[in-house]
Amino acid sequence: MELDLIITGGQVVTAEDVYQTDIGIKGGKIAALGEGLQGADSFSAEGMLVLPGGIDAHVHLEMPTGTTRTSDDWYGGTKAAICGGTTTVIDFVEPEPGQLLLDALEARQAQARGCSFVDYSLHMTLTNAETETLAQIPAVVRAGVPSFKTYTTFDGFGLGDVDLLRVFNAIHESGGLVLVHSENDAIVQHCTAGLKERGLMAPCYYPQSRPSEAEIEAIQRVIMLARVTGVPLYIVHVSTAEGARAVERARQSGQTVIGETCPHYLLLDDGCYQHPDPVNVVKYICTPPIRSNQDQQALWELLNSGGLSTVCTDHCAFNLKGQKEMGLDSFLAVPAGLPGVESRLSLLYTCGVKAGRISTQQWVACCSTEQAKTFGLFPRKGQIALGSDADLVVFDPQREVVLSRDGDGRPGKLHEAVDYTPYEGVRLQGWPAATFLRGALVVQNQHIIETKPTGTFVCREGIQLTGGDGL
């Protein structure tokens, strides 16, 4: 068999193993593994690691907030993603009131079509438990979207326990997975009202409006609601030690619960809210807030132990100028979210693998393989095996970069369409040298080779996870 391309000399890293082999690609798929392969073209990965392409199952691109819109659209956001070694993202569909779920799905697909540098899929957001809405869930699953996002807080989005049970049960009956943004709404409202009464609305007070207790209580509660219905549960952006431990306990009991955390919770701490200049505080406002150093260390430990399974970025970029600065007088006016889709792989390699917090295989697992398995992308994505998509990252473990929004000639200038990075000046060792999407070289040495976006929608046929029978 004549191969299209051979990636030679690299050390292959998967979630299970590290080994030396060449990779043969044909028709966009991995077609051969071994030595002495013959092909029409070759790419040397000598001295480098070869990984399955990164998967980021939690991004917000071209998302309206009511007062503004995220600075990264599908074109710019996915360009940044693939420059950083991410080859698949999963974003969200947020239906308008009264809009049919399938109509909202088609509108969101049309927005991304022809604009994405990476392959992509979508989660469906559910903001009510009306019978007419729940009846549409099976059709959404058949359309290739078997994962559904819910919230326990936010006006117009948050669901109470009765509605959550109805939604969880309907998703379980349809063979789907539920994602939950978990914060106790009553605690958030109570704390915010107290700050308002005392006139403490400057950005530095933001963490007090959404204390750790709000997340911890909500995570524990939705785990129990999911147990009653039997639905597989995915907790997004876990930021607290106790929230992560609740996920770990549920997993140890045999319940299907997956915990996600984000780079900003692993690498930043709540000291970022204490800067005397509010301009340097609003940069870090995200939901939930960045927590203590003790929480940060616990999250690393639970990622290492398997209590937490995935690291996604929750990439939700807003410019400091004209967007974040709207809230200099009140944290309620700050659009919440941080950028980060481009630097995730390298941040986790330097601060996780090189620092001895996680293994090389765990790095690949949490940034790719576990997400593929959780969201119905495996075995097509997330592994290096015969028949899988040739989404591959050739990663240079020796390359040094200093992360920068503006750049000064150094490697490490970011492509994200936002005027700051929360990791400005962070020095990393390890950065993608090349990224392949379905066998095509798209990025080499931080330069886009394939200038036309070729990402396609990935239809997920179903979730492979096993939930319970419920009560």
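Worth a mention:
- Angle in degrees between helix 101-112 and the longest Cα principal axis of the chain, rounded to the nearest 10: 50 degrees
- Highest to lowest packing among 362-372, 220-230, scored as the average C-beta count within 10 Å: 362-372, 220-230
- Once the C-beta distance of Val18 and Gln252 is scaled by a Förster radius of 25 Å, the resulting FRET efficiency is 0.35 to the nearest 0.05.
- Three-way shape label, the range 331-382, alpha-carbon gyration tensor, a/c 1.5: oblate
- Cα gyration tensor, the range 67-206 - rounded (a/c under 1.5), prolate or oblate: oblate
- Rounded tilt (10° steps) of 241-252 against the dominant C-alpha axis of the chain: 70 degrees
- Full-stretch length increase - Ile448, Gln297 - with 0.36 nm per residue and alpha-carbon distance subtracted: 50.8 nm
- DSSP beta bridges fully contained in the chain are about 45 percent antiparallel.
- Computed [θ] at 222 nm, helices only, for the chain once each DSSP H run of length n ≥ 4 contributes -39500 (n - 2.57): -7500 deg cm²/dmol
- Here the calculated FRET efficiency for Ser305 and Glu2, from their Cβ-Cβ distance with R0 = 45 Å, stands at 0.45, rounded to the nearest 0.05.
- Rolling a 1.4 angstrom probe over the protein heavy atoms with all chains in place gives the chain an accessible area of 37 Å² per residue.
- Within the range 1-160, DSSP assigns beta bridges of which about 40% are antiparallel (rounded to the nearest 5).
- Placing +1 on each Lys and Arg Cβ and -1 on each Asp and Glu Cβ, with no other charges, gives the range 47-161 a dipole about its Cα centre of roughly 380 debye.
- Whole-percent carbon and sulfur share, accessible surface of the chain, 1.4 Å: 49 percent
- A straight chain from Glu197 to Glu424 at 0.36 nm per residue would run longer than the Cα-Cα distance by 78.2 nm.
- About the Cα centre, charge dipole magnitude for the range 355-471 (Lys/Arg +1, Asp/Glu -1 at Cβ), debye: 180 debye
- Relative to the current alpha-carbon distance between Gln361 and Glu461, full extension at 0.36 nm per residue lengthens the span by 33.3 nm.
The values are calculated or read from the model by the stated rules, or taken from the named source; none is laboratory data. This structure is a prediction, so every number in the text was calculated from the model and none was measured. Ideal geometry is used to build each Cβ from the backbone, glycine not excepted, and the neighbour counts take in all protein chains shown. These area figures cover heavy atoms from the full protein model, side chains too; ligands, DNA and RNA do not enter into them. Shrake-Rupley method; radii C 1.70, N 1.55, O 1.52, S 1.80 Å.
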